[in-house]
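Trainee: Mind having a look at this structure? Questions to follow.
The values are calculated or read from the model by the stated rules, or taken from the named source; none is laboratory data. In this text, all values refer to a predicted model and were calculated from it rather than measured experimentally. All Cβ positions, even for glycine, are placed from backbone atoms using ideal geometry, and neighbour counts span all protein chains on display. Side chains are part of the model used for accessible areas, which takes the heavy atoms of the whole protein and leaves out ligands, DNA and RNA. Shrake-Rupley method; radii C 1.70, N 1.55, O 1.52, S 1.80 Å.
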Amino acid sequence: QVQLVESGGGLVQAGGSLRLSCAASGSISSFNAMAWFRQAPGKQRDLVAVITAGGSTTYVDSVKGRFTISRDNAKNTVYLQMNSLKPEDSAVYYCAADLRGNRYWGQGTQVTVSS
């Protein structure tokens, strides 16, 4: 069973930065991919960024140039560095991991960006 624990959310002013962390219970090098999603109130959960086992990254257009996804295999942790935050980035951010055809989710961490 894979367990994912997010941390690093909080309240920040527009233009500020936050770094989210996702600590996995197992070796993240075994995962096909890890990703960050976000869900704002009343909206669907949307993909934000993905990092594959090989280190390739993909971002949704709205965060390109502002967010960076990275991984530290030694710490079994994936990060999301978020810069130049905007009020529309406010949401619950979820970490996800894909392993052997299954997707695992963390509990989420709240990010609130004030204008």
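Trainee: For L85, all conditions in the list (1) farther than 16 Å from G15 by Cα; (2) part of a loop (DSSP other than H, G, I, E, B); (3) in contact (Cβ under 8 Å) with a residue 24 or more places away in the chain hold save one; what is the number of the exception?
Mentor: Among (1) farther than 16 Å from G15 by Cα; (2) part of a loop (DSSP other than H, G, I, E, B); (3) in contact (Cβ under 8 Å) with a residue 24 or more places away in the chain, L85 violates only (1).
Trainee: Can you find even one residue in segment 101-108 that is open to solvent by 60 Å² or more (accessible area, probe 1.4 Å), touching a residue at least 60 places away in the same chain (Cβ under 8 Å) and among the basic types (K, R)?
Mentor: Checking segment 101-108: not a single residue is open to solvent by 60 Å² or more (accessible area, probe 1.4 Å), touching a residue at least 60 places away in the same chain (Cβ under 8 Å) and among the basic types (K, R).
Trainee: Also: Which ones in segment 18-32 are farther than 21 Å from S90 by Cα, surrounded by fewer than 18 Cβ atoms within 10 Å (Cβ to Cβ) and either touching a strand residue (DSSP E or B) at 6+ places or on another chain (Cβ under 6 Å) or at pLDDT 95 or above (or both)?
Mentor: A23, N32
Trainee: Further, regarding this structure: For segment 41-56, name all the residues that are hydroxyl-bearing (S, T, Y) and assigned to a strand (DSSP E or B).
Mentor: The first filter runs over segment 41-56 and keeps only residues hydroxyl-bearing (S, T, Y), leaving 52, 56.
Hit for segment 41-56 is T52, nothing else.
Trainee: Just give me the residues in segment 57-78 being in contact with a Phe, Trp or Tyr (Cβ under 9 Å, 6 or more places away or on another chain), part of a strand (DSSP E or B) and of a type outside the set (A, V, I, L, M), in sequence order.
Mentor: Listed by number, the residues that qualify are Y59, F67, T68, S70, R71, D72.
Trainee: Still on this model: Tell me which residues, restricted to segment 44-69, are among the hydrophobic types (A, V, I, L, M, F, W, C), closer than 23 Å to S27 by Cβ and open to solvent by 50 Å² or more (accessible area, probe 1.4 Å).
Mentor: Across segment 44-69, the qualifying residue is only A53.
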